[in-house]
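*Asks:* The structure under discussion is supplied below as structure tokens; questions concerning it will follow.
The values are calculated or read from the model by the stated rules, or taken from the named source; none is laboratory data. As the structure is a computational prediction, the values presented were derived from the model and not from experiment. Cβ placement follows ideal geometry from the backbone for every residue including glycine, while neighbour counts extend to all protein chains displayed.
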Amino acid sequence: MMNSTTRPAAPAFALVLLAAAGTFALTMGARQSMGLFLSPLNTSTGLGLGSISLAFAFGQLWWGLTQPFAGIVADRYGPARVLLVGVLLVAIGTALIPLMTTTWGLILAIGVLAAGGAGMAGPSVLMAATTRLVAPQRRGLATGIVNAGGSFGQFVFAPIAQVITSAHGWVAAVQSLGAITLLALPAAWVLRGRPQAAPAGGGSAGGSADDRSNASLSAPPAPSTATTAAPSIRQVIATALADRSYRLLAAGFFVCGFHVAFLATHLPGAVASCGLPPETAAWSLAIIGLFNIIGSVAMGWAVGRWRMKSLLSLVYAARAVAVLVFVLSPKTNTVMLVFAAAMGLTFLSTVPPTAGLVVKLFGPANMATLFGIVMLSHQIGGFLGAWLGGKSFELTGHYDWMWYADIVLAVGAALIHLPIREQVLPARVVAAG
């Protein structure tokens, strides 16, 4: 048993949130501003909107694919190394984007390096690290604030990118965003977690050192070490996938990914197709980020007071109404900015209740892994949203069919969350998480 004097104290609540939200702000801000460079990339490379959208779409998919694996590594060995490598990859990949002149080159820079790094330093690892370092009663608020960090990054990065583009060109703007992400490197030390001695008997317990440390602080003592052998990752994942509520949660998050990726990638193009200036596109992305801060923090507060599945249904229903009103309205600067604000309130406010349901169903021990799988579903939707947006515009010259798809999918997502069983699973199943 570890002596309390040998275990470092947990970082202060505010420092944990600053590190996690700041990292998410820098990585997400860089990624979510890339849509501003879709047209310059097309002009520079001559590859066509469909090919460039494919690179962005692959980035959405790869961002999701990396998160379960990054979560497994973080759950087993702690988040510090994962975050460190992730931030470096974001910076390198972003800086290489202007140097790529082929579709495969853009897929490498945007899709593999930048997006893969952002996945490693993304919400699965960040929220799991935060969850382990804060008290259970503050987890809802903490995940809301961390989630809002990504939106704050978008709010700040989009206008900065537009200003640098106007002054020095789009190449300087892209590479500047890559350099700025390096400011997240110190966060890896803050979120590294606390070491834990090996369990009695010489064996290695399942889960990370962080998991076992927090379990010893917050969970009742196990009746016997002989009867509480930790399950393998395969068993943990199988238990989750066998649960209908978990599958419905992942299906709903697929829709969220479709919406978010389409907007982040193609909203600047939609603004241009309406005859509005580039500044409107930059400010639309910024306003989405700004209002998502409000939505995320409000949702983080709400998840401790109302049923999380009901909150998710409400968010998706609100999206459907917002898109429908936008489709029927004249496309003016004011309408575009109001629409951006409405979508911003719901943009990533789905994350706190989704993450909260994962923890509620399976516990925090393997949260990075299980939330990473849900994020993979989100990013499969993101791949389709980004790619189909470009293909749809190439074929029709407008985005109308994508807006219609947004409405239908949002209504479906609002309905699919209703049957979710929002209750803690039996103790033996929670232990498997």
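*Asks:* Condition first: over 18 Å from Val260 (Cα atoms), small (Gly, Ala, Ser) and within 14 Å of the chain's Cα centre (by Cα). Now tell me which residues in the stretch 52-85 satisfy that.
*Replies:* Across the stretch 52-85, the qualifying residues are Ala70, Gly71.
*Asks:* State yes or no: is Phe339 more than 30 Å from Ser124 (Cα to Cα), in contact (Cβ under 8 Å) with a residue 12 or more places away in the chain and of a type in the set (Phe, Trp, Tyr)?
*Replies:* On the way: more than 30 Å from Ser124 (Cα to Cα): no; in contact (Cβ under 8 Å) with a residue 12 or more places away in the chain: yes; of a type in the set (Phe, Trp, Tyr): yes.
No.
*Asks:* Can you tell me which residues in the stretch 369-404 are small (Gly, Ala, Ser) and surrounded by 20 or more Cβ atoms within 10 Å (Cβ to Cβ)?
*Replies:* Going residue by residue through the stretch 369-404, those that are small (Gly, Ala, Ser) are 372, 377, 381-382, 385-386, 389-390, 392, 397.
Once the filter is applied, which keeps residues that are small (Gly, Ala, Ser) and surrounded by 20 or more Cβ atoms within 10 Å (Cβ to Cβ), the stretch 369-404 yields Gly372, Ser377, Gly381, Gly382, Gly385, Ala386, Gly389, Gly390, Ser392.
*Asks:* With the condition kept exactly as written, say whether any residue in the stretch 3-11 is farther than 21 Å from Ala286 by Cα, touching a residue at least 40 places away in the same chain (Cβ under 8 Å), surrounded by 17 or more Cβ atoms within 10 Å (Cβ to Cβ) and out of contact with any Cys (no Cβ under 6 Å at 6 or more places or on another chain).
*Replies:* Yes, some residue in the stretch 3-11 is farther than 21 Å from Ala286 by Cα, touching a residue at least 40 places away in the same chain (Cβ under 8 Å), surrounded by 17 or more Cβ atoms within 10 Å (Cβ to Cβ) and out of contact with any Cys (no Cβ under 6 Å at 6 or more places or on another chain).
*Asks:* Hey, Cys256 hits all of (1) out of contact with any His (no Cβ under 9 Å at 6 or more places or on another chain); (2) in a helix (DSSP H, G or I) but one; which does it fall short on?
*Replies:* (1)
*Asks:* A further question on this structure: Within the stretch 25-69, can you find the residues that are within 16 Å of Ala114 (Cβ to Cβ), among the polar types (S, T, N, Q) and in a helix (DSSP H, G or I)?
*Replies:* Thr27, Gln32, Ser53, Gln60, Thr66, Gln67
*Asks:* Would you confirm, using the coordinates I've provided, whether His398 is touching a residue at least 12 places away in the same chain (Cβ under 8 Å), closer than 22 Å to Ser53 by Cα and not in a helix (DSSP H, G or I)? Explain how you work it out, then say what you get.
*Replies:* Numbers: touching a residue at least 12 places away in the same chain (Cβ under 8 Å): yes; closer than 22 Å to Ser53 by Cα: yes; not in a helix (DSSP H, G or I): yes.
When the stated conditions are applied, His398 passes them.
*Asks:* Hey, another quick one. Run down Ile97, Ile72 and say which single residue is modelled with pLDDT of 90 or more, in a helix (DSSP H, G or I) and at negative phi.
*Replies:* Working: Ile72 fails: modelled with pLDDT of 90 or more.
Residue meeting the stated conditions: Ile97.
*Asks:* List the helices (runs of 4 or more DSSP H) that sit entirely inside the stretch 296-388 and contain at least 1 residues that are touching a His at 6+ places or on another chain (Cβ under 7 Å) and of a type in the set (A, V, I, L, M, F, W, C). Give the derivation first.
*Replies:* Values: elements: 308-328, 333-346, 351-362.
Of the helices (runs of 4 or more DSSP H) lying wholly inside the stretch 296-388, those with at least 1 residues that are touching a His at 6+ places or on another chain (Cβ under 7 Å) and of a type in the set (A, V, I, L, M, F, W, C) span 308-328.
*Asks:* So Arg305 ticks every box in (1) over 20 Å from the mean Cα position of the chain (by Cα); (2) closer than 27 Å to Pro136 by Cβ; (3) in contact (Cβ under 8 Å) with a residue 60 or more places away in the chain but one. Which box is left unticked?
*Replies:* Going through the list (1) over 20 Å from the mean Cα position of the chain (by Cα); (2) closer than 27 Å to Pro136 by Cβ; (3) in contact (Cβ under 8 Å) with a residue 60 or more places away in the chain, Arg305 breaks only (3).
*Asks:* Starting from the stretch 182-193, take each residue that is more than 12 Å from Leu18 (Cβ to Cβ) and list its partners that are of a type in the set (D, E, K, R) and at pLDDT 80 or above, counting only C-beta distances under 9 angstrom and pairs at least six apart or across chains.
*Replies:* Ala188/Arg81; Arg192/Arg81
*Asks:* Check the stretch 392-399 and report whether any residue there is of a type outside the set (D, E, K, R), closer than 16 Å to Arg244 by Cβ and touching a helix residue (DSSP H, G or I) at 6+ places or on another chain (Cβ under 8 Å).
*Replies:* Going through the stretch 392-399, the residues of a type outside the set (D, E, K, R) turn out to be 392-393, 395-399.
Pick out the ones that are also closer than 16 Å to Arg244 by Cβ and you get none.
No, there is no match, as no residue in the stretch 392-399 is of a type outside the set (D, E, K, R), closer than 16 Å to Arg244 by Cβ and touching a helix residue (DSSP H, G or I) at 6+ places or on another chain (Cβ under 8 Å).
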